[in-house]
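Asker: Let me begin by handing over the structure; questions about it come next.
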Ligand SMILES: Nc1ncnc2c1ncn2[C@@H]1O[C@H](COP(=O)(O)OP(=O)(O)O)[C@@H](O)[C@H]1O
Ligand SMILES: [Mg+2]
């Protein structure tokens with residue numbers, strides 16, 4: 001029997017630098033983590049901290065500057081174009097705006113069929129087989145059969161994201177990188193899509209890398225959560241531990257910004273001053289220091305190690 005907890009993806013010291021007219025921009029700087037089969041790693045941080053670049057670098061949509069990416073034990077950065085093309089089926093990505101990634105001239109049926117045909121799972125002549133599979137996939141993602149010939153513009157954001165998910169499922173991937181998949185949706189619809197993704201994982205054992213700027217979105221979905229700041233990892237822990245005992249002042253600030261439904265609970269909100277700047281030629285030391293309410297002299301000058309401070313709980317901070 002296959003062990004559920006086998007490692008599927010391991011990222012080691014991944015870097016992605018962009019050369020800009022203002023200097024070298026460290027979009028992803030030394031990021032390492034492991035994701036086991038059937039589990040979800042949530043990746044959170046403010047807009048601009050390098051989440052999308054990280055997702056794209058893992059898929060080699062942006063060629064990494066340095067580091068290693070192991071998928072099922074093999075370093076895929078050594079793969080040639082042909083091997084990468086074959087691998088892309090196993091590693092899929094779902095984007096924030098499904099409208100942008102769906103072809104407006106293709107109906108639900110055509111969109112899903114296209115994915116099935118790319119997979120070469122069906123012959124284009126097997127109309128009956130294709131139709132049956134399209135309807136199965138539609139049912140799996142909660143789209144009514146009557147929508148089979150609908151076009152993206154006829155559907156709301158939630159349904160469009162369901163088509164996006166159905167298309168990815170049609171490819172039968174092993175890893176799904178979800179880049180802000182619910183951020184463009186109304187809150188009530190966000191919950192529906194998150195529940196769908198959780199159900200699909202429970203039923204079909206998918207592995208997710210779930211990228212979002214909103215910590216509350218990944219709270220229930222994630223096994224582990226990785227918090228990023230200006231390209232670097234600042235904290236990583238099992239989801240419950242991160243919410244219970246955030247160690248890094250940046251994580252504490254992110255958590256304090258989540259609205260609490262209980263009116264009797266007076267949340268101590270930590271307001272961060274300033275905005276995330278771009279990590280062009282960053283100075284050594286903690287990149288959060290300028291905004292940190294607890295900054296000390298030791299935070300500057302030298303890089304802060306990412307240390308294990310509790311069971312599977314890591315943080316890069318001089319305070320802890
Ligand atoms: N193609 C690119 N060229 C130059 N800089 C880029 C490019 N893509 C992203 N960046 C920069 O990299 C940083 C991280 O961006 P991104 O990964 O999109 O962050 P996030 O997804 O967390 O919002 C930002 O400073 C952004 O401006
Ligand atoms: Mg992004």
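Every number in this text was worked out from the coordinates using simple rules, so none of it is lab data. These figures come from a predicted structure and were not determined experimentally. When we count neighbours, we look across all protein chains shown, and the Cβ atoms used for this are built from the backbone with ideal geometry, even at glycine.
Asker: What is the gain in length, in nm to one decimal, between residue 183 and residue 139 on full extension, counting 0.36 nm per residue of separation less the C-alpha to C-alpha distance?
Answerer: Value of the extension gain: 13.5 nm.
Asker: Now a separate question. When only C-alpha pairs under 8 Å and at least 6 residues apart count, what is the relative contact order of the chain, in percent?
Answerer: 21
Asker: Counting alpha carbon pairs within less than 8 Å and at least 6 residues apart, what relative contact order, in whole percent, applies to the stretch 186-299?
Answerer: Value for the stretch 186-299: 18 percent.
Asker: Run the helix sum for the chain: -39,500 (n - 2.57) per DSSP H stretch of 4+ residues, divided by residue count, reported at 222 nm to the nearest 500 deg cm²/dmol.
Answerer: -8500 deg cm²/dmol
Asker: Just to confirm the number: angle between the C-alpha axis of helix 127-140 and the first principal axis of the chain, 0 to 90 degrees, nearest 10?
Answerer: Taking the Cα atoms of the chain, the angle to 127-140 is about 40 degrees.
Asker: Could I ask something else about it? Show me 185-194, 85-94 ranked by packing, highest mean number of other Cβ atoms within 10 Å first.
Answerer: Result, highest mean first: 85-94, 185-194.
Asker: Using 0.36 nm per residue of separation minus the Cα-Cα distance, give me the extension gain between residue 298 and residue 240 in nm, one decimal.
Answerer: Contour length minus the Cα-Cα distance gives 17.9 nm.
Asker: Here is a further query. Taking every DSSP beta bridge with both residues inside the chain, roughly what % is antiparallel (nearest 5)?
Answerer: Of all bridge pairs located within the chain, approximately 65 percent are antiparallel.
Asker: Next up: Which of 146, 10 has the fewest other C-beta atoms within 10 Å, and how do the rest follow up to the most?
Answerer: Ascending number of Cβ neighbours within 10 Å: 146, 10.
Asker: If you average the sequence gap of Cα pairs under 8 Å that are 6 or more apart and divide by the length of the stretch 19-89, what percent do you get for the contact order?
Answerer: Contact order relative to length: 18 percent.
Asker: Would you mind classifying the stretch 101-172 by shape? Square roots of the alpha carbon gyration tensor eigenvalues, ordered a ≥ b ≥ c; an a/c under 1.5 is rounded, otherwise it is prolate if a/b is larger than b/c and oblate if not.
Answerer: The shape class here is prolate.
Asker: Taking the Cβ of each residue in 314, 243 as the centre, tally the other Cβ atoms inside 10 Å and list the residues starting with the fewest.
Answerer: 243, 314
Asker: Of 213, 153, how do they rank once you tally other Cβ atoms within 10 Å and put the fewest first?
Answerer: Listed from fewest to most nearby Cβ atoms, that is 153, 213.
Asker: Which order do the peptides 57-64, 24-31, 108-115 take when ranked by the mean count of other beta-carbon atoms within 10 Å per residue, highest first?
Answerer: 24-31, 108-115, 57-64
Asker: Length gain on complete extension for the stretch residue 214 to residue 132, per 0.36 nm per residue less the alpha carbon to alpha carbon distance?
Answerer: Length difference between fully extended and current span is 25.8 nm.
Asker: Right, something else. Treating the angle as unsigned and between 0 and 90°, give the value, to the nearest 10°, between the Cα long axis of helix 108-118 and the longest Cα principal axis of the chain.
Answerer: Value to nearest ten degrees: 80.
Asker: Another question, then. Grab the beta carbon distance between residue 6 and residue 307, set R0 = 22 Å, and tell me the FRET efficiency rounded to 0.05.
Answerer: Given R0 = 22 Å and the Cβ-Cβ separation, E is 0.25.
Asker: A follow-up question, please. Just check the chain against the gyration tensor rule for me: Cα atoms, a ≥ b ≥ c as the square roots of the eigenvalues, rounded for a/c under 1.5, and otherwise prolate or oblate depending on whether a/b exceeds b/c.
Answerer: In terms of gyration-tensor shape, prolate.
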